[in-house]
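Here's the structure, in structure tokens; my notes come after.
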Amino acid sequence: VWRSRNMNEQMYQSVNEQCCCFNLRKITRAITQFYDRYLEGANIRATQFTLLVELSNSSGKTLTEMAEGLVMDRTTLTRNLKPLSKSGLIVTVPLSDKRSKGYTLTEKGHEVLARGLPLWRNAQQHIVGQLGHDRYNRILSELVAMRNLTHMPRDNNT
């Protein structure tokens, strides 16, 4: 029993070491925490900053448009928008399609985004500086390729 258990533990550990999903999520958490530290001065988290950026050039994006653009499910997105709304950084606006509502930044949201942008730039420069421009661009390219894999047609094995 001990030998079998030890073999399973080794197999499970190798799953964590090799699993694309596990490793990307781990890296994503670490990078998010890194950007959070830089964005503290704007009193905003990295996840909130990306939502404000997503809305920055829109007079009203629907939940569906944002979810698709951010590759998030609508439930998670709704949960993440609530604190922004409560803080007065975003508001809902009527759209031409009365069945939908749009989200847009308030003046306060634009101000927070403007305060966060130089802090984000500092974090970004640190990352790119440590990796080098060429390596950073290769990583981004590889991430895009991995993202595109998720849109491939399913075969009979999935």
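The values are calculated or read from the model by the stated rules, or taken from the named source; none is laboratory data. Model, not experiment: these values are computed from the prediction. We place every Cβ from the backbone using ideal geometry, glycine too, and count neighbours over all the protein chains shown. Please note that ligands, DNA and RNA were not included when accessible areas were found on the heavy atoms of the full protein model with its side chains. Shrake-Rupley method; radii C 1.70, N 1.55, O 1.52, S 1.80 Å.
With loop defined by DSSP as not H, G, I, E or B, and exposure as at most 10 other Cβ atoms within 10 Å, which is the longest segment of the chain clear of exposed trypsin sites (Lys or Arg not before Pro)?
Longest gap between qualifying sites, sites excluded: 1-97.
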Worksheet item: Would you list THR78, THR104 from the most to the least accessible area, probe 1.4 Å?
Response: THR78, THR104
Discussion item. Only Cα pairs within less than 10 Å get springs; with that Gaussian network setup on the chain, which residue of THR106, THR75, THR47 has the largest fluctuation?
Written reply: THR75
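Take the Cα radius of gyration of the chain and divide it by 2.2 N^0.38 Å, with N its residue count; two decimals is plenty.
Working: Rg = 19.9 Å, N = 158, 2.2 N^0.38 = 15.1 Å.
Working it through for the chain, the quotient is 1.32.
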Response to the item:
Whole-percent carbon and sulfur contribution to the accessible surface of segment 1-118 (1.4 Å, no ligands, DNA or RNA) stands at 53 percent
Fill in: Nitroxide proxy distance, nm - points 7 Å out along Cα→Cβ at ARG29 and THR106
3.3 nm
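Test of understanding: express the Cα radius of gyration of segment 28-83 as a ratio to 2.2 N^0.38 Å, with N the residue count.
Working: Rg = 11.8 Å, N = 56, 2.2 N^0.38 = 10.2 Å.
That works out to 1.16 for segment 28-83.
Considering Cα pairs under 8 angstrom that are at least six residues apart, work out the relative contact order of segment 23-94 and quote it in whole percent.
Numbers: 27 pairs, mean separation 14.9, N = 72.
21 percent.
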Worksheet item: Is it possible to state the helix-based mean residue ellipticity at 222 nm for the chain, with each DSSP H run of 4+ residues giving -39500 (n - 2.57), the sum divided by total residues, to the nearest 500 deg cm²/dmol? What is it?
Response: -23000 deg cm²/dmol
